[in-house]
Amino acid sequence: MLSKNKIRLIKSLDSKKAREETHLFIAEGGKSVIDLIKAFDCELLVATGEWLTEHGHLLNGCKEVIEAPHDDIRRASLLKNPQDVLAIFRQHDMQAAPQEVGRQLAIYLDNVQDPGNLGTILRLADWFGISHVACSPGCADIYNPKTVQATMGSLARVRVCTVAADDFFPPLSGKTPVYGTYMDGDNIYDRELSEHGIIIMGNEGNGISPATARYVTDRIAIPSMPHGDSHPESLNVAIATAITCSEFLRYRLAGHTGAMMRHTDKK
């Protein structure tokens, strides 16, 4: 049985103020909960008896586990279509590590405000093997339930931090290429790309802010193929991130393939 106090706690985590005060966040659905339980401290897990029977071996680290009928979960859930499990986790205190980030390909999000876009970008980063994503203070909350839901568990594998551009970029200056995505940048398909560096993705409506733009060393763009005189003004930031990351991966793989072919030719 799920008490009214527990339901009140769960629902309160829809509020950023409550998340900041408690340092907790909520995740719903089997995929997200199973992934996050491996990376975050689980304070409370609520699930149907059937789900607990199937996944009980994962729950040793949970502080509290409550079996509840689906109707109780539905009353507590923040989703329109509740699933068989939800859990409350303790937030990580994640800090940026510029030296480590500078040796890899990473993403900096500049005032990306839609939690769905933010969560999707974290999922994309996970897909493309990018383990570090830094967010400006103007971004959506990493632990917003909509962000967490959109990551589909990738929050467990991608290191995310919130850090101002003026604190994040100066330690990397002169050592790491910083790629800014613009409408009028150089065609990404014609550019040489580095295997390490920072990709900056800007705000949904305003792009990269002037405060962050001053750290850009390379301006890149995804060209459009307009039909006639009309075409969209821009791409959704999550879609643009997917295309950009895909091109970086393709370039890296093509470089490795070329190196292997040259090595084979010498034999």
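Things worth noting here:
- Scanning the stretch 156-177 for residues that are more than 15 Å from ILE130 (Cα to Cα) and modelled with pLDDT of 90 or more yields THR162, VAL163, ALA164, ALA165, ASP166, ASP167, PHE168, PHE169, PRO170, THR176, PRO177.
- Of the strands (runs of 3 or more DSSP E) lying entirely inside the stretch 46-137, the ones with 1 or more residues being within 19 Å of the chain's Cα centre (by Cα) and among the basic types (Lys, Arg) are found at 85-90.
- Lone qualifier among LEU58, LEU78, LEU86 - being more than 30 Å from TYR251 (Cα to Cα), surrounded by fewer than 17 Cβ atoms within 10 Å (Cβ to Cβ) and touching a residue at least 40 places away in the same chain (Cβ under 8 Å): LEU78
- Summed over the stretch 231-255, residues that are part of a loop (DSSP other than H, G, I, E, B) and open to solvent by less than 80 Å² (accessible area, probe 1.4 Å) total 2.
- Subset tally (residues that are of a type in the set (Gly, Ala, Ser), in contact (Cβ under 8 Å) with a residue 60 or more places away in the chain and under 28 Å from PRO82 (Cα atoms)) for the stretch 134-155: 2
- LEU59 satisfies every condition listed in (1) under 26 Å from THR176 (Cα atoms); (2) aliphatic (A, V, I, L, M); (3) in contact with a Leu (Cβ under 7 Å, 6 or more places away or on another chain) except (1).
- Residues located in the stretch 156-175, provided they are open to solvent by less than 60 Å² (accessible area, probe 1.4 Å), under 24 Å from LEU249 (Cβ atoms), in contact (Cβ under 8 Å) with a residue 40 or more places away in the chain and touching a strand residue (DSSP E or B) at 6+ places or on another chain (Cβ under 8 Å): VAL160, CYS161, PHE168, PHE169, LEU172
The values are calculated or read from the model by the stated rules, or taken from the named source; none is laboratory data. Treat the numbers as computed from the prediction; the structure is a model and nothing was measured. Positions of Cβ are backbone-derived with ideal geometry, glycine not excepted, and every protein chain shown enters the neighbour counts. Note: areas computed on protein heavy atoms with side chains; ligands, DNA, RNA excluded. Shrake-Rupley method; radii C 1.70, N 1.55, O 1.52, S 1.80 Å.
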